[in-house]
Amino acid sequence: MRALFLEKQVSQDEKKIQVAKAAINELQDGIILGVGTGSTVNYFIDLLANQAMHFEAVVSSSEESTIRLQQHGILVSDLSSTGDIDIYVDGADEATKQGYLIKGGGGALTREKILASASRKFICIADDSKFVGVLGNFPLPIEVIPMARSYVARQLVKAGGNPVWRDNFVTDNGNQILDVSGLKITNPPELEKNLNNIPGVVTVGIFAIRTADKLLIANKDGVQII
Ligand code: 5RP
């Protein structure tokens, strides 16, 4: 008799819910919590509203997340008044096993990078479609000062990239985004540093100088901790 093996089917949304639940399990009472941005984090925010822990403060990385937190009755505090964050939970567009990330698909990279840098522990949550060997398939988001956009774009072309202006998009900080494909990201910390040095660049979507401390990656069989 021929054995029939059925591949388990788990949707991307189900994986995002699983990994958001796993992130809730990482939290403790009384901490200062940082909250990232994106569809995976949205599940995390919805779960936050239905658990019993009490946090000293909750800090948000975007207007979008702030609104969602407030809609759940969660008070959002300002980073300048809380001091450093104990645990920061955020998604990613790409993640490697070293904790290197590309972020900014949702355009919130600047505040996300500030919260990541201000956190004692950065937990990155993602489904397995984001887990890669080398960064760079996802076009790298770079937030730029509007008057410097073309200048920065020319420097990125010289560096081997193909920048595309994210049309009709203004960041929470009033800036613009260039999405850059074609860059070789073989040394993420070095490229992050070099691109940061172009005048007019506000934030580079490579998170490699401050990596994620823990990756929670959801696959069809559960959540892998890396
Ligand atoms: C927003 C981000 C997000 O974390 C990233 O785009 C992942 O989002 P999603 O969970 O929707 O896939 O960096 O600026």
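Nothing in this text is a laboratory measurement; each read-out follows from the coordinates by a stated rule. This is a predicted model, so every value here is computed, not measured. Glycine also receives a Cβ, built like all others from the backbone with ideal geometry; neighbour counts cover every protein chain displayed.
If you take all other residues with their beta carbon under 14 Å from the beta carbon of Lys193, and give Lys and Arg +1 and Asp and Glu -1, the sum is 0. Comparing Lys214, Lys15, Lys158 in a Gaussian network model of the chain where C-alpha atoms under 10 Å apart are linked, the largest mean-square fluctuation is found at Lys158. Descending by average beta-carbon neighbour count within 10 Å, the peptides 162-168, 199-205 line up as 199-205, 162-168, the highest first. Per the Kirkwood formula applied to alpha carbons, the chain shows a radius of gyration over Rh ratio, Rg over Rh, of 1.00.
Distance between the pseudo-spin-label points of Glu56 and Asn173 (7 Å out from Cα toward the beta carbon): 2.6 nm. GNM remark for the chain: springs join alpha carbons under 10 Å apart, and the peak mean-square fluctuation among Ile206, Ile102, Ile185 falls on Ile185. Residue order for Leu140, Leu183, fewest other beta carbons within 10 angstrom first, comes to Leu183, Leu140. A Gaussian network model of the chain, with springs between Cα atoms under 10 Å, assigns the largest mean-square fluctuation among Val41, Val19, Val170 to Val170.
Both the radius of gyration and Dmax for region 140-205 are 10.9, 32 Å, in that order, over alpha-carbon atoms.
Taking the Cα centre of region 140-205 as origin and assigning +1 to Lys and Arg Cβ atoms and -1 to Asp and Glu Cβ atoms, the resulting dipole is close to 260 debye. If both residues of a DSSP beta bridge must be in the chain, then about 50% of such bridges are antiparallel.
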